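The values are calculated or read from the model by the stated rules, or taken from the named source; none is laboratory data. Worth saying up front: this structure is predicted, and the values here are computed from it rather than measured. Every residue, glycine among them, receives a Cβ derived from its backbone with ideal geometry; neighbour counts consider all protein chains shown.
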Amino acid sequence: MTDMKGPTMRTYASVPFPDVTITGAFWHERLEVVLTRTIPSQLKMLEKHDIRGSIKLPKPVPPLTIPRRKGGFTVQMFWDSDIGKWIEAASYALRHRRDAAIEAEVEAMIDDLEAAQAEDGYLNCFYQQREPENRWTNLRDNHEMYNAGHLLEGAVAYYQATGKDRFLRVMERNMDHIARTFGRGEGQRPGYPGHQEIELALIRAFHATGQQKFLDLATYFIDERGSREPEHYFDTEAKARGDDPADYFFAASGMYEYSQSHLPVREQTKVVGHAVRAMYMYAAMADLAAEHGDAALKAACETLWADVIERRMYVTGGFGPSEHNEGFTADYDLPNDTAYCETCASVAMVFWAARMLNLDLDGQYADLLELALYNNSLAGLSRDGESYFYDNKLDSDGSHHRWAWHMCPCCTMNVSRLVASVAGYFYGLAETEIAVHLYGGSETRLPVAGGHVTLTETSDYPWNGAVRIAVAPEGCGDFTLSLRIPGWCEGASARVNGQAVPMTVERGYLKIARSWSEGDVVELDLPMEARRSYAHPAVRADIGRVALRRGPLVYCAEERDQKAPVHSLRLPREAALSARHVPDLIGGVTVIEAEARAARAEGWGPDLYRPAPPEEAPSPLLAVPYYAWCNRGANPMLVWLRE
């Protein structure tokens, strides 16, 4: 495959989150909640549920907290990953504000992991404690590499936050062990992870250390995936442990499609299987396409991207309708009341979209990054920062609610690490260009065109589309400031120092190239009108229904805000939509209001069916942002309203 590779395609680089200060109210509040409440409360839960103690390898070995299911699998095998993600989120918090207690806890965890590590570098506390003889015998199901990947991401984040490299050295020994064990060399096994994630971690380690071996191992895992030489590796290992490869829990979802190992990755054209695995893999593919100048890998990413956004995505930026495989089914199969839409999948989509933006400055990637971030991802974390959604329905009868913990708490730390590092998604940087992907109040100082420039962006986004960017260059030559014009926006306008700028938008970005001076100010107006959204006619669940959007936010109707049962409401097409900000509602949100109509049961009588439709009466509709729902208690909710 080396003939497909050329010079790097990495045109842009994401500006790391420590180099961006969040000043806007919306994200500053979310960030403070994660730093002060989410991370400490998660630590208490890790301790309460014995996850924290598991890395001490206690003796005697305690009974399993979570029983095994068919095939001997238990989600307790994931616990190392929860430790890794918590360390990662805590590290982002430390980079914002050092906290001696949190830092001491991370150091104590590193002590335990370093003590647990085997002499040959292997590190997996479940296997080392319970069945060391079975390590590396079931990559398909048992998540050893997934765990290692999240631990490595935690190590990289802690190193970048504090400059301390002890954990990174522990994980480097672990990666060296994995590289010795897996590959196409003599005495190696041609294996790869059943649950992708380690690939992303290895690429991050490569960027943090400059060590080529990390990039080489990530490249091997992506290149090897789906190979059948001489047979599918998951079949080989199943036979070796005495199992029938066909006796697989997810065989009905596709024997290999579930883990996206049904074809070599460059030949894949459909988004299939487990949604989180898919998104992590696509993000790594985009990263490697950039690093290696791999045109075939980039083309595969583009094909898969088109498939998911055109046929397999919820209006909220959620992915995967099925609880059975936590993933994808058929084109346009997007039910609302049984929607799975795992929080982790939207978080992973943010990762993928950000990497596609570094390949091509194309607004479609930033649009979806923003959609997934503000809606499905953010819905996964309560306003108080201490309860979560694992799955995100778009239609609830009132029984769906957030939980304080989950037996598989992957989404808890995934959403907290995303919010804690959200500043890293605001800007992209090239040699003579700065791209502004997200708005919401931020400040950054960046190297560009031979000098530096400080950008101070001020706005009340996502509630208001008036954006002001003060530009303060230091020794720069001419450079381009590329401002994203969101796909949802109509009638955008811009001014530099009060003078109108021609709105020549190139693939979603307004590019302003000039010789910048101290005191220059860019004003961008992004009108935010409440508007309707309709689904493709092939989406059966949404025929005759309408969703509401304003700016980057998707809205929903909670029954507690209505005068009639929410499922009785109908929003006529001719009903006018209006928006107003309500400072004392759910911490301050902009609502959408309209005059709806409600079907009435009064006068119907005892009959279950009758030839005449129910009477209707006017009923005011109040819709709130989807991310904010269920913060006032569980109650019925709808995203798609009858029209």
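Of everything in region 402-439 that is in a loop (DSSP other than H, G, I, E, B) and among the aromatic types (Phe, Trp, Tyr), the residue that is nearest to Thr36 (Cα to Cα) is Trp405. Within region 51-93, the residues that satisfy the criterion of being assigned to a loop (DSSP other than H, G, I, E, B) and either closer than 23 Å to Pro16 by Cα or of a type in the set (A, V, I, L, M) (or both) are Ile55, Leu57, Val61, Leu64, Ile66.
The strands (runs of 3 or more DSSP E) falling completely within region 526-643 that include 3 or more residues that are more than 28 Å from Leu368 (Cα to Cα) map to 589-599, 616-625. The helices (runs of 4 or more DSSP H) found wholly in region 196-292 and carrying at least 1 residues that are out of contact with any Phe, Trp or Tyr (no Cβ under 6 Å at 6 or more places or on another chain) and farther than 30 Å from Val170 by Cα occupy 233-240.
Restricting the search to region 229-250, which residues are surrounded by 13 or more Cβ atoms within 10 Å (Cβ to Cβ) and more than 25 Å from the chain's Cα centre (by Cα)? If the condition is that a residue be surrounded by 13 or more Cβ atoms within 10 Å (Cβ to Cβ) and more than 25 Å from the chain's Cα centre (by Cα), then His232, Tyr233, Phe234, Asp235, Thr236, Glu237, Ala238, Asp243, Pro245, Tyr248, Phe249 are the ones that fit. The residue that is farthest from the chain's Cα centre (by Cα), counting only those in region 144-156 that are farther than 13 Å from Ile83 by Cβ and not β-branched (Val, Ile, Thr), is Glu144. Within region 481-494, is even one residue in a strand (DSSP E or B), touching a Ser or Thr at 6+ places or on another chain (Cβ under 9 Å), modelled with pLDDT of 95 or more and farther than 30 Å from Met77 by Cα? No. Here region 529-543 is the region considered, the condition is being touching a residue at least 60 places away in the same chain (Cβ under 8 Å) and of a type outside the set (S, T, N, Q), and the residue that is farthest from Pro335 (Cα to Cα) is Ala530. Residues in region 25-46 that are buried (at least 20 other Cβ atoms within 10 Å of the Cβ) and either over 26 Å from Pro409 (Cα atoms) or polar (S, T, N, Q) (or both): Thr38, Gln42. Selection of region 222-269 for residues being among the aliphatic types (A, V, I, L, M) and in contact with a helix residue (DSSP H, G or I) (Cβ under 8 Å, 6 or more places away or on another chain) yields Ile222, Val265. Of all residues being in a strand (DSSP E or B) and not small (Gly, Ala, Ser) in region 358-400, which is farthest from Gly551 (Cα to Cα)? Just the residue, please. Out of the qualifying residues, it is Tyr388.
Here Val436, Val521 are screened, and the one residue that is β-branched (Val, Ile, Thr), surrounded by 20 or more Cβ atoms within 10 Å (Cβ to Cβ) and at pLDDT 95 or above is Val436.
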